[in-house]
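Chemist: Once you've had a glance at the structure underneath, I'll fire off some questions.
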Amino acid sequence: MEPSVGAVPHAPAGSHPYRHPAAGWGAAKSVTRVLLEQGELREGTRAILKMNHENGGFDCPGCAWPDSLKGIHLDICENGIKHVTWEMTRKRVGREFFAAHTVSELEEWSDFKLEDQGRLTEPLVYDAETDHYVPIAWKDAFELIGSTLRGLDSPNQAAYYTSGRLGNEATFLYQLMARELGTNNLPDCSNMCHEASGRALTAALGTAKGTCDLKDWESTDALFILGVNAASNAPRMLTALAEAYRRGAQIVHINPLVEAAATRTIVPHEFAQMAMDKATKTSTLNIQPRIGGDMALIRGMAKAVLEWAQGDPKALDEEFIDRHTQGYEEYRALVEATSWDEIERQSAVGRQDIVKAAQVYRDADRSVVCWCLGITQHEHGVDTIREIVNLLLLRGNIGREGAGPSPVRGHSNVQGNRTCGIDHRPGAEFLDRLAQVCRIDPPREFGLDTVRTVQAMHRGEVKVFCGMGGNFALAAPDTRYTYEALRNCELTFHVSTKLNRSHLVHGKKALILPCLGRTEKDHQRGGVQQMSVEDSMSMVHLSLGMKKPASPYLLSEPAIIAGIAKAALPRTKTPWDWYVQDYDRIRDTMAKVLEGFEDFNRRVRLPLGFRIKQPARELVFLTPSGKAEFSTAPLPNTVPAPGTLLLGTMRSHDQWNTTIYSDDDRYRGIKNLRTLVLMNKKDMRERGIAQFDPVDIVATSKDGSQRALNGFSAVEYALPRGCAAGYMPEMNVLVGIKDYSRQSDQPLMKNLKVTIKRSKAGAGPQSKTVTARAPRASVTAQ
Ligand SMILES: Nc1nc2c(c(=O)[nH]1)N[C@H]1C(S)=C(S)[C@@H](COP(=O)(O)OP(=O)(O)OC[C@H]3O[C@@H](n4cnc5c(=O)[nH]c(N)nc54)[C@H](O)[C@@H]3O)O[C@H]1N2
Ligand SMILES: Nc1nc2c(c(=O)[nH]1)N[C@H]1C(S)=C(S)[C@@H](COP(=O)(O)OP(=O)(O)OC[C@H]3O[C@@H](n4cnc5c(=O)[nH]c(N)nc54)[C@H](O)[C@@H]3O)O[C@H]1N2
Ligand SMILES: [Mo]
């Protein structure tokens, strides 16, 4: 096969069906390779043994899946280990490196190579004259930020982004700083992942989060898993799926792609099984809707249940519906009025298969529905999640053990970030308590989310951008537009562990502020500090770093926030240094401000931490009607127009968001290729495209504007007709800035309307216009 495109030399690209179970030997091999490459075989292994432990260890920053309740000693997975090892690397990127390379030169480097230079070691400032980053003292860095912020006409000219790994205590200080400064401009990565879940669940149940915990997963009769690639992105879920299967529970996967977690697995911590290569099934039924067809599919399941209920009242939980819900009759009428033809057309799933899934649902006493980005990153994400809740309500699958909605979050503390105040649309009650306890006067008008921050920077209305973790330039939609927006800023600064693209796509002034990672010891005057995090199932627990910091000049995130706040707020009312000396003090304040955090310091030290109460779990619905509310949204039209395809962007197995570990995607059988587009065989044939042919992908935005990627390789894949898929962040160039959902404001990262054509001769995969990891070079906006 021809070598794939890319700025770095590539081995031949390949695509072969993956025939092995998820996890197991492939995972072990991949982990060993990363440990060796990062020079961390001994220390890395030691640290990994301490990860996710009840007492002591640090919380794995790899995903937001909860820790085992059963004291499993190795509650870890391949991708968690890779993620931690990436942070613990022995490699360092110090001042000599920055002296040797200009920023313009680094811009040509791949994202892999940038991060692979190792951990950042000291604060750096951009010197425009020489085009180099040069060392700067912490004090001077804070003063540069402080003076720029003080010089703004309005606090709303700055935006404070959070990527979801920031611990709860740092999060609280961060939002306090923004609000004491006078802005709610707190865009976060949630704006790109689960905003739809929060909005839908709040409207339906009065609670922005899922109601399930691991015990519910362990006792349910049926699990419905929608739009998540668990084997790669929440691998510890594999254990829960295998256990459910062994128990005899039904497991239904709903995904246009049959992902590895929808087949079988070797349970990650069961080494004896691994030695014998013994796999457990993780699915009892797989259904492949067309991209965006989930709402119709769920509506079909509800229709089947309501039809059965006519002869068998037990198909519904009428008592639950009467006592706890609002709007049932309207919903029933709507479902009756939705024809099977329409449901089949919109979901691209036959009635028989929908009925099969509905049967599983009807026959289960208790059902859990889990979802992730395959459901949220759509125009109608909120409506789809509300339809999921409708289905759950029909059989009283909320507020009892083994049942409920269970979104799986992304970043390890993205849920905690929201709980602790990162919200551009804060509630009045929260602001009132913040004002009272912290004696500040927080602004009441809503702030900017991710998309609106990019737009405001582009218009010059936001002049200062702070990235608290993450890699905004690559993670945000519309890469070219986002780059222009960041470059338009007066000042951009990032609190980071590793060098990434966002440091190179900078404002007139720019800073890189290196911080401690979660694996590292955080020494403050009051001793070694711990940070708390909240997982997808609302469990809050402490995380204790154990490694010597990568450099003596690193500061903790709370210390950096305090440094900025003191410089920007000369008359601050907040005792920043006092908080940083001892994080218990931050927690004591949080206990007074945040609902559910009473007695925080004591409860967070319990062996498994504590669970934040979910009122909906107790059948208390904080909705206008005081009941769980059915929704009655019409089915959207999701059928692609003739000649067009729906394209979803997603992660490969060997990547962590914008961090790419290799060009392989093991479970999908892809080797050495990221600039690809997965297509149905017939869709390829219809367009005269053969396996690995170079293709041009043109996305048409809501406003009619077009964006293109050229010379990507078409790869045949078993997805429904009319669908295509490829990787983020390379494909973010295709997502127009105005392509966000009017329901959730989330960019439509799973729902691009594209045409795909064979590239003209000469624009093949070797074409210099396409590089694997420098999307800027590959944009040809039309
Ligand atoms: N190793 C690793 N772990 C991670 C991450 C990582 O990058 N690497 N990222 C973390 C983050 S921040 C997040 S938010 C999560 C993301 O976790 P996922 O949600 O699993 O992320 P994606 O890779 O975007 O995959 C989305 C899945 O949705 C499916 N899908 C696409 N469109 C549709 C649709 O219309 N309907 C349905 N039913 N399915 C659809 C795709 O086939 C794919 O299986 O993972 C977290 N964990
Ligand atoms: N097309 C498309 N785009 C997407 C998505 C998609 O599915 N499709 N998914 C979206 C989603 S769900 C998300 S969450 C975003 C991800 O967006 P981000 O969260 O912004 O990106 P990451 O790649 O997770 O950030 C990696 C960087 O975080 C820094 N970092 C790592 N550890 C730490 C730490 O402990 N502290 C600090 N301060 N910094 C640290 C490192 O410098 C590293 O380079 O991307 C979004 N973009
Ligand atoms: Mo995410």
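The values are calculated or read from the model by the stated rules, or taken from the named source; none is laboratory data. Bear in mind that the values here come from a model prediction, so they are computed numbers and not experimental data. FYI the Cβ positions are ideal-geometry reconstructions off the backbone, even for glycines, and counts take in every protein chain you see.
Chemist: Among the residues of the range 378-396, are any more than 13 Å from ligand 2 (Cβ to nearest atom), touching a Gly at 6+ places or on another chain (Cβ under 7 Å) and not hydrophobic (A, V, I, L, M, F, W, C)?
Modeler: No, every residue in the range 378-396 fails to be more than 13 Å from ligand 2 (Cβ to nearest atom), touching a Gly at 6+ places or on another chain (Cβ under 7 Å) and not hydrophobic (A, V, I, L, M, F, W, C).
Chemist: What is the one condition in (1) more than 16 Å from ligand 3 (Cβ to nearest atom); (2) touching a Lys or Arg at 6+ places or on another chain (Cβ under 9 Å); (3) outside the structural domain of Q250 (by TED's automatic domain parsing) that A348 does not satisfy?
Modeler: So A348 meets the others, but not (3).
Chemist: Among the residues of the range 418-434, which ones are touching a Leu at 6+ places or on another chain (Cβ under 6 Å) and within 16 Å of ligand 1 (Cβ to nearest atom)? Don't jump to the end; show me each part of the working.
Modeler: If we filter the range 418-434 for residues that are touching a Leu at 6+ places or on another chain (Cβ under 6 Å), which is where we start, we get 422, 424.
Of everything in the range 418-434, just one residue is touching a Leu at 6+ places or on another chain (Cβ under 6 Å) and within 16 Å of ligand 1 (Cβ to nearest atom), namely I422.
Chemist: Are any residues in the range 629-653 farther than 30 Å from I321 by Cα and surrounded by fewer than 23 Cβ atoms within 10 Å (Cβ to Cβ), and if so, which ones?
Modeler: V639, P640, A641, P642, G643, T644, R651
Chemist: Which residue is nearest to F472 (Cα to Cα), if the candidates are limited to the range 84-114 and must be among the acidic types (D, E) and modelled with pLDDT under 95? Spell out the reasoning first.
Modeler: Residues of the range 84-114 among the acidic types (D, E): 87, 96, 105, 107-108, 111.
From what's left, modelled with pLDDT under 95: 87, 111.
On the way: E87: 19, D111: 13 Å.
Selected residue: D111.
Chemist: With the condition kept exactly as written, say whether any residue in the range 172-189 is outside any loop (DSSP other than H, G, I, E, B) and more than 22 Å from F430 (Cβ to Cβ).
Modeler: No, the range 172-189 has no match at all.
So that you can scan it fast, the table gives a plain yes or no per residue for (1) assigned by TED's automatic domain parsing to the domain that holds M468; (2) of a type in the set (G, A, S); (3) surrounded by fewer than 24 Cβ atoms within 10 Å (Cβ to Cβ); (4) within 20 Å of I287 (Cα to Cα):
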{"site": "V360", "(1), (2), (3), (4)": "no, no, yes, yes"}
{"site": "D365", "(1), (2), (3), (4)": "no, no, yes, no"}
{"site": "Q377", "(1), (2), (3), (4)": "no, no, no, yes"}
{"site": "V389", "(1), (2), (3), (4)": "no, no, no, yes"}
{"site": "G399", "(1), (2), (3), (4)": "no, yes, yes, no"}
{"site": "G402", "(1), (2), (3), (4)": "no, yes, yes, no"}
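Chemist: Residue check, V677 against (1) in a loop (DSSP other than H, G, I, E, B); (2) farther than 24 Å from P21 by Cβ; (3) within 16 Å of ligand 1 (Cβ to nearest atom), all met but one. Which one?
Modeler: Checking V677 against (1) in a loop (DSSP other than H, G, I, E, B); (2) farther than 24 Å from P21 by Cβ; (3) within 16 Å of ligand 1 (Cβ to nearest atom), the one that fails is (1).
Chemist: Between A240, A244, A204, A230, which is away from ligand 2 (no atom under 12 Å from the Cβ) and either aromatic (F, W, Y) or in contact with an Asp or Glu (Cβ under 6 Å, 6 or more places away or on another chain) (or both)? Steps first, please.
Modeler: Numbers: A240 fails: either aromatic (F, W, Y) or in contact with an Asp or Glu (Cβ under 6 Å, 6 or more places away or on another chain) (or both); A244 fails: either aromatic (F, W, Y) or in contact with an Asp or Glu (Cβ under 6 Å, 6 or more places away or on another chain) (or both); A230 fails: either aromatic (F, W, Y) or in contact with an Asp or Glu (Cβ under 6 Å, 6 or more places away or on another chain) (or both).
Being away from ligand 2 (no atom under 12 Å from the Cβ) and either aromatic (F, W, Y) or in contact with an Asp or Glu (Cβ under 6 Å, 6 or more places away or on another chain) (or both) holds for just one of A240, A244, A204, A230, which is A204.
Chemist: Please go through the range 521-542 and give me each residue that is within 16 Å of ligand 2 (Cβ to nearest atom) and surrounded by fewer than 22 Cβ atoms within 10 Å (Cβ to Cβ), ordered by number.
Modeler: K521, Q530
Chemist: A follow-up question, please. Tell me which residues, restricted to the range 653-667, are more than 15 Å from ligand 2 (Cβ to nearest atom) and either in a loop (DSSP other than H, G, I, E, B) or modelled with pLDDT of 95 or more (or both). Let's see the steps before the verdict.
Modeler: Here is the first cut: in the range 653-667, the ones more than 15 Å from ligand 2 (Cβ to nearest atom) are 662-664, 666-667.
The answer is S662, D663, D664.
Chemist: Is it the case, given these coordinates, that D478 is outside the structural domain of A222 (by TED's automatic domain parsing), touching a residue at least 12 places away in the same chain (Cβ under 8 Å) and within 30 Å of V368 (Cβ to Cβ)?
Modeler: Values: outside the structural domain of A222 (by TED's automatic domain parsing): yes; touching a residue at least 12 places away in the same chain (Cβ under 8 Å): yes; within 30 Å of V368 (Cβ to Cβ): no.
It is false that D478 is outside the structural domain of A222 (by TED's automatic domain parsing), touching a residue at least 12 places away in the same chain (Cβ under 8 Å) and within 30 Å of V368 (Cβ to Cβ).
Chemist: Of all residues in the range 121-148, how many are surrounded by fewer than 22 Cβ atoms within 10 Å (Cβ to Cβ) and either hydrophobic (A, V, I, L, M, F, W, C) or assigned to a loop (DSSP other than H, G, I, E, B) (or both)?
Modeler: Adding up the residues that qualify gives 12.
Chemist: Please specify each residue of the range 197-221 satisfying the condition of being assigned to a helix (DSSP H, G or I), within 16 Å of ligand 3 (Cβ to nearest atom) and farther than 30 Å from K463 by Cβ.
Modeler: Hit for the range 197-221 is S197, nothing else.
Chemist: Within the bounds of the range 551-558, is there any residue that is touching a residue at least 24 places away in the same chain (Cβ under 8 Å), of a type in the set (A, V, I, L, M, F, W, C) and out of contact with any Leu (no Cβ under 8 Å at 6 or more places or on another chain)?
Modeler: Applying the first criterion (touching a residue at least 24 places away in the same chain (Cβ under 8 Å)) to the range 551-558 yields 551, 553-558.
Right, trim to of a type in the set (A, V, I, L, M, F, W, C) and you get 554-555.
If we keep only those that are out of contact with any Leu (no Cβ under 8 Å at 6 or more places or on another chain) too, we end up with none.
No - not one qualifying residue is present in the range 551-558.
Chemist: Another one. Please go through the range 622-650 and pick out each residue that is in contact with a helix residue (DSSP H, G or I) (Cβ under 6 Å, 6 or more places away or on another chain) and either within 16 Å of ligand 3 (Cβ to nearest atom) or hydrophobic (A, V, I, L, M, F, W, C) (or both).
Modeler: L622, A628, F630, A633, L635, T649
Chemist: Continuing with this model, one more query. Counting only residues that are part of a loop (DSSP other than H, G, I, E, B) and touching a Ser or Thr at 6+ places or on another chain (Cβ under 9 Å), which one in the range 149-171 is farthest from ligand 1 (Cβ to nearest atom)? Break it down into steps so the answer makes sense when it comes.
Modeler: Going residue by residue through the range 149-171, those that are part of a loop (DSSP other than H, G, I, E, B) are 151-154, 163-167.
Now drop any that are not touching a Ser or Thr at 6+ places or on another chain (Cβ under 9 Å), which leaves 154, 164-165, 167.
On the way: S154: 31, G164: 7, R165: 9, G167: 16 Å.
Across the range 149-171, the extreme among qualifying residues is S154.
Chemist: Another question, if that's okay. Where in the range 339-433 are the helices (runs of 4 or more DSSP H), entirely inside, with at least 1 residues that are over 25 Å from the mean Cα position of the chain (by Cα)? Before you say what the answer is, go through the steps one by one.
Modeler: Values: elements: 340-347, 351-363, 373-376, 381-394, 414-419.
Result: 340-347, 351-363, 381-394.
Chemist: Working only within the range 652-666, note down all residues that are near ligand 1 (Cβ under 10 Å from one of its atoms) and either in the same structural domain as N233 (by TED's automatic domain parsing) or not charged (D, E, K, R) (or both).
Modeler: S652, H653, Q655, W656, N657, T658, T659, I660, Y661 - these are the residues of the range 652-666 that are near ligand 1 (Cβ under 10 Å from one of its atoms) and either in the same structural domain as N233 (by TED's automatic domain parsing) or not charged (D, E, K, R) (or both).
Chemist: For the range 176-193, name all the residues that are more than 16 Å from ligand 1 (Cβ to nearest atom) and not hydrophobic (A, V, I, L, M, F, W, C). Step through it out loud before you land on a result.
Modeler: Initial filter on the range 176-193 (more than 16 Å from ligand 1 (Cβ to nearest atom)): 176-186.
Of everything in the range 176-193, those that are more than 16 Å from ligand 1 (Cβ to nearest atom) and not hydrophobic (A, V, I, L, M, F, W, C) turn out to be R179, E180, G182, T183, N184, N185.
Chemist: For residues in the range 410-433 being among the polar types (S, T, N, Q) and within 16 Å of ligand 2 (Cβ to nearest atom), which is nearest to T450 (Cα to Cα)?
Modeler: Our first condition is that a residue be among the polar types (S, T, N, Q); within the range 410-433, this holds for 412-413, 415, 417, 419.
In the following step, the residues that additionally are within 16 Å of ligand 2 (Cβ to nearest atom) were identified as 412-413, 415, 417.
Details: S412: 19, N413: 18, Q415: 17, N417: 15 Å.
Across the range 410-433, the extreme among qualifying residues is N417.
Chemist: From the list P514, P477, exactly one residue is outside any helix (DSSP H, G or I) and within 16 Å of ligand 3 (Cβ to nearest atom). Which is it?
Modeler: Step by step, each of P514, P477 is checked, and only P477 is outside any helix (DSSP H, G or I) and within 16 Å of ligand 3 (Cβ to nearest atom).
Chemist: Give the range 88-127 a look and list any residue that's closer than 30 Å to D664 by Cβ and of a type in the set (F, W, Y), or say none.
Modeler: Within the range 88-127, F97, W109, F112 meet the criteria.
Chemist: To continue, here is another question. When both residues are 6+ apart or on different chains and their Cβ atoms are under 6 Å apart, which pairs have a first residue that lies in the range 481-508 and is of a type in the set (S, T, Y), and a second that is in a loop (DSSP other than H, G, I, E, B)?
Modeler: Y481/I737; T482/A476; Y483/V505; T492/H506; T492/G507; T497/G517; S502/N471
Chemist: Looking at D213 and the list (1) crowded, with 24+ Cβ neighbours inside 10 Å; (2) under 29 Å from V620 (Cβ atoms); (3) not assigned by TED's automatic domain parsing to the domain that holds S536, which single condition is not satisfied?
Modeler: The failed condition is (1).
Chemist: Further question on the same structure: Against the definition (on the phi > 0 side of the Ramachandran plot, away from ligand 1 (no atom under 16 Å from the Cβ) and either in contact (Cβ under 8 Å) with a residue 12 or more places away in the chain or of a type outside the set (G, A, S) (or both)), how does G447 come out, yes or no? Give the steps one after another, and end with the answer.
Modeler: Working: on the phi > 0 side of the Ramachandran plot: no; away from ligand 1 (no atom under 16 Å from the Cβ): yes; either in contact (Cβ under 8 Å) with a residue 12 or more places away in the chain or of a type outside the set (G, A, S) (or both): yes.
Judged against the criteria, G447 is not a match.
Chemist: Are there any strands (runs of 3 or more DSSP E) wholly within the range 687-782 with 1 or more residues that are at pLDDT 95 or above and of a type in the set (S, T, N, Q), and if so which?
Modeler: So the answer is 694-700, 706-716, 752-758.
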